[in-house]
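The values are calculated or read from the model by the stated rules, or taken from the named source; none is laboratory data. The model shown is predicted, which means the values in this text are computed figures rather than measured ones. For neighbour counting, all protein chains shown are included, and Cβ atoms are generated from backbone atoms with ideal geometry for every residue, glycine included. Ligands, DNA and RNA are stripped out before the accessible areas are found, and what is left, the full protein with its side chains, is counted by its heavy atoms. Shrake-Rupley method; radii C 1.70, N 1.55, O 1.52, S 1.80 Å.
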Amino acid sequence: MSLSGTERKRLGALARVMIPGGAGQPGAAALGLEGAPVDDVLRIDPTRAGPLRRFLALEGPIDTLAGIEALAQHEPDGFEAVSVVLANAYFMHPETRAAIGYPGQEARDASVGLGEADLALVDVVAGRGPVFRRV
Amino acid sequence: MNTESDVVIIGAGPSGAVAALELLRAGMSVTVLEQGDWVPADHFDGARPEWELTQLKRWHPNPNVRGRPEDYPIDTAASDVNPLMFAGVGGAALIYGAHWMRFMPSDFRVRTLDGVARDWPFAYEDLAPFYGYVEEAMGVSGLSGNPAYPDGAPCPLPALPMGKVGRKAAEGMNRLGWHWWPGSNAIPSRAYRGLQPCVLRGTCGTGCSDGAKATPDRTHWPEAQKLGVNLRTGARAAEIETDAKGRARAVVWIDRRGARHRARGSVVILCANGVGTPRLLLMSGLGNRSGLVGRRLMMHPYAGVMGTFEDDLESWVGPAGQILTSMQFYETDRSRGFLRGAKWNCMPAGGPQSFRAGYTGGTLTGGWGATLHDRVARKFGRSFEWGIIGEDLPDESNRVDLSDALVDGDGLPAPRITYAISDNTRKMLAFHTARAVEAMEAAGAIETEVTPLIRDCGWHLMGTAVMGDDPETSVVNAVGAVHDVPGLYVMDASTFPTSSGMNPTATIMAVAARSVLDLIERRAEVDAA
Ligand SMILES: Cc1cc2nc3c(=O)[nH]c(=O)nc-3n(C[C@H](O)[C@H](O)[C@H](O)COP(=O)(O)OP(=O)(O)OC[C@H]3O[C@@H](n4cnc5c(N)ncnc54)[C@H](O)[C@@H]3O)c2cc1C
Ligand code: SF4
């Protein structure tokens, strides 16, 4: 179930205000967030589409966060869907991940266990002796 | 369809798994009824980019949010805390954090030591061999010699790495001279029996896609299957039936198409957790002479302190899992104004999504715009949490009963929760969060955020079919046998007289092992149908 052109346009306008870009991170406009990235999110979690569309159908100015806030107070569930969809589309995007230095939940070797520096810290605790309450 | 076996168990989580496997090893025939399904490792999203998206719905710990057909809904309108769980072969462990904690010796003697609640009918020393037994089965990783335990809480596998987060937290604790120890987790640091080695993916709370985390579908059910268990999935128990002499005789269950079946057995064991078990007892009208079925619900209200640091700590790296624990303020100190205490666990902060919400000044959009980018730049990868699990003292008005309006997909009454956070708990969490802020500052945090309590924190469900010797003041005896109903047993945390401040699964499995081995030893004496 894909968004209509009007819905997508409105979502894009919201995204530009909510994710303007800055502090070394890309903005929604540069990523075209309201296109394929949002479609991906809705494909993975279609339950967001209904409330998202409700919010997109609301009339009112959305060119500032204050304007969006007024609509959000009126339709909090719809705004939650907008938030989930945009945030996930944004943080799942490879360009965002690269910009914030996030490789994703990657696999690493756990068998290295505790290193010498760790054990030196542990020794301090062990050296203080038992701390349990006698019963 | 009717089946006949020696024993019928309801629930395929950690407690049901321990009970079933021991009975099968002893040569008995066992039917297990589980409303959920098997969940293969590749169903979990941990290794996929959408991991943080699907944890908000498909893998959410609150069944009311998840809303899968196998879940039952829970009426939480009168509760300060939402009970959390998962229906499947492996139970809630499929999405547990695998924090593995033995209770403290003092936890079994709170009445004697602190004049509150009840003592357990057995002591830490009685349970210690069973802890060791289930820890072997679960491949627990950790560093033996923890000075917070008289026996050092030995672990069969070496500890997982502490990482940059653990070292930072430990340095702060050492500056203060406070107790901490590398985390113990039911997560193998190397390949162990049916478990893959952990790869530190850090998505334990939404399921382990690498087959590492110790969950009963990997640690217990494969052997049970080899021994011939009749494990029925998609099987929702509706009622326990008794014979003319009042002995447990059968369980009526409903399949996914709504057809009713009867599983007969001369012993019935409830392992459906601290909400599901009292629900079934109440639906069956059994075992409630004391009036305590469903009462004394304990859920461990949880608070947390997030610290942000200048250094890059790679704080999305797992396990999650606990990296460190602290028992510095675990015991009662009356000068603090409350009784008992809390255990702390140091946890990674996860992926970037968590920085979307947070402190937004009370508005819905406050976390967006330039604030979002600023928060992510300052905090992402540079933050971690000291989480606080406070001992929840039993109160008879905190309870599970049956909803008169809400029903599950089979038309059975949903459980209804009435639960209020006590004054003792509020004071305890306020004290502990203040100390955790100090721990963060000692570690060099440039910013701290206190979460005084989260509503979605009912991970630990205990106390609703309390054990004791007197049938007037308890529901089951010290080995889980329901007073007045021969052949009916409870082997999950419903039986716990108190909650401790610890994650409960180690104790659930140890107590289940103790109870079921006693049942096996005494089976000739059981007045079974
Ligand atoms: C998100 C989360 C994180 C957690 N983290 C930790 C942790 O780090 N450490 C820790 O020690 N504990 C943790 N816990 C708690 C831990 O998962 C539970 O204590 C443990 O799973 C309890 O085991 P159990 O077998 O008694 O019950 P459960 O695991 O709840 O299993 C009960 C089973 O019974 C089934 N059932 C219920 N009613 C019926 C019925 N009528 N018919 C058929 N089947 C039924 C359920 O579907 C379920 O599969 C966590 C829990 C959650 C939800
Ligand atoms: S940290 Fe280890 S146990 Fe947890 S999800 Fe990752 S691989 Fe599995």
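Could you list, in sequence order, the residues of the stretch B:121-142 that are more than 28 Å from B:ILE323 (Cβ to Cβ) and within 16 Å of ligand 2 (Cβ to nearest atom)?
Pass one, the stretch B:121-142, residues more than 28 Å from B:ILE323 (Cβ to Cβ): B:121-123, B:125-126, B:129.
Matches in the stretch B:121-142: none.
The conditions are (1) at positive phi; (2) more than 16 Å from ligand 2 (Cβ to nearest atom), and B:THR332 fails exactly one of them. Which is it?
The single condition B:THR332 does not satisfy is (1).
Of everything in the stretch B:415-429, what is closer than 18 Å to B:VAL305 by Cβ and open to solvent by 60 Å² or more (accessible area, probe 1.4 Å)? Give them in sequence order.
B:ARG426, B:LYS427, listed by residue number.
Which pairs do you get when a residue that is facing chain B (nearest Cβ under 7 Å), found in the stretch A:19-32, comes within reach of a residue that is among the hydroxyl-bearing types (Ser, Thr, Tyr) and open to solvent by less than 60 Å² (accessible area, probe 1.4 Å), reach meaning Cβ atoms under 8 angstrom, with the pair 6+ apart or on two chains?
Pairs found: A:ILE19/A:TYR90; A:GLN25/A:THR96.
From (1) more than 7 Å from chain B (Cβ to nearest Cβ); (2) under 17 Å from the mean Cα position of the chain (by Cα); (3) in a loop (DSSP other than H, G, I, E, B), pick out the condition that doesn't hold for A:VAL38.
For A:VAL38, the failing item is (3).
Working only within the stretch B:66-120, note down all residues that are in a loop (DSSP other than H, G, I, E, B), of a type in the set (Ser, Thr, Tyr) and away from ligand 2 (no atom under 16 Å from the Cβ). Spell out how you get there, then give the answer.
First pass over the stretch B:66-120, keeping only residues in a loop (DSSP other than H, G, I, E, B): B:67-74, B:80-82, B:84-87, B:89-90, B:96-98, B:100-104, B:115-120.
When the remaining residues are screened for being of a type in the set (Ser, Thr, Tyr), the result is B:72, B:96.
Answer for the stretch B:66-120, where residues must be in a loop (DSSP other than H, G, I, E, B), of a type in the set (Ser, Thr, Tyr) and away from ligand 2 (no atom under 16 Å from the Cβ): just B:TYR72.
Answer with yes or no whether B:THR365 is in contact with a helix residue (DSSP H, G or I) (Cβ under 9 Å, 6 or more places away or on another chain), surrounded by 16 or more Cβ atoms within 10 Å (Cβ to Cβ) and among the polar types (S, T, N, Q).
Details: in contact with a helix residue (DSSP H, G or I) (Cβ under 9 Å, 6 or more places away or on another chain): yes; surrounded by 16 or more Cβ atoms within 10 Å (Cβ to Cβ): yes; among the polar types (S, T, N, Q): yes.
Yes.
For the stretch B:285-292, does any single residue satisfy the condition of being part of a loop (DSSP other than H, G, I, E, B), charged (D, E, K, R), more than 16 Å from ligand 1 (Cβ to nearest atom) and closer than 30 Å to B:VAL32 by Cα? Write out each step before concluding.
Going residue by residue through the stretch B:285-292, those that are part of a loop (DSSP other than H, G, I, E, B) are B:285-292.
Filter once more, keeping what is charged (D, E, K, R): B:289.
Those left that are additionally more than 16 Å from ligand 1 (Cβ to nearest atom): B:289.
Filter once more, keeping what is closer than 30 Å to B:VAL32 by Cα: B:289.
Checked the stretch B:285-292: at least one residue is part of a loop (DSSP other than H, G, I, E, B), charged (D, E, K, R), more than 16 Å from ligand 1 (Cβ to nearest atom) and closer than 30 Å to B:VAL32 by Cα.
Only one of (1) open to solvent by 10 Å² or more (accessible area, probe 1.4 Å); (2) within 14 Å of ligand 1 (Cβ to nearest atom) is not met by B:GLY115, so which one is it?
(2)
Of all the helices (runs of 4 or more DSSP H) wholly in the stretch A:72-135, which have at least 2 residues that are within 7 Å of another protein chain (Cβ to nearest Cβ), crowded, with 19+ Cβ neighbours inside 10 Å and free of Cβ contacts under 8 Å to residues at least 60 places away in the same chain? Working first, answer last.
Values: elements: A:76-92, A:94-100, A:116-127.
So the answer is A:76-92, A:116-127.
Which of the residues that make up the stretch B:295-324 are away from ligand 1 (no atom under 16 Å from the Cβ) and within 14 Å of chain A (Cβ to nearest Cβ)?
B:ASP311, B:ASP312, B:LEU313, B:GLU314, B:SER315, B:TRP316, B:VAL317
Just checking, which of B:VAL317, B:VAL293 is more than 28 Å from A:GLU106 (Cβ to Cβ), within 24 Å of the chain's Cα centre (by Cα) and of a type outside the set (Gly, Ala, Ser)?
B:VAL293
So, in the stretch B:176-201, how many residues would count as being away from ligand 2 (no atom under 16 Å from the Cβ) and either facing another protein chain (nearest Cβ under 10 Å) or crowded, with 20+ Cβ neighbours inside 10 Å (or both)?
Count: 5.
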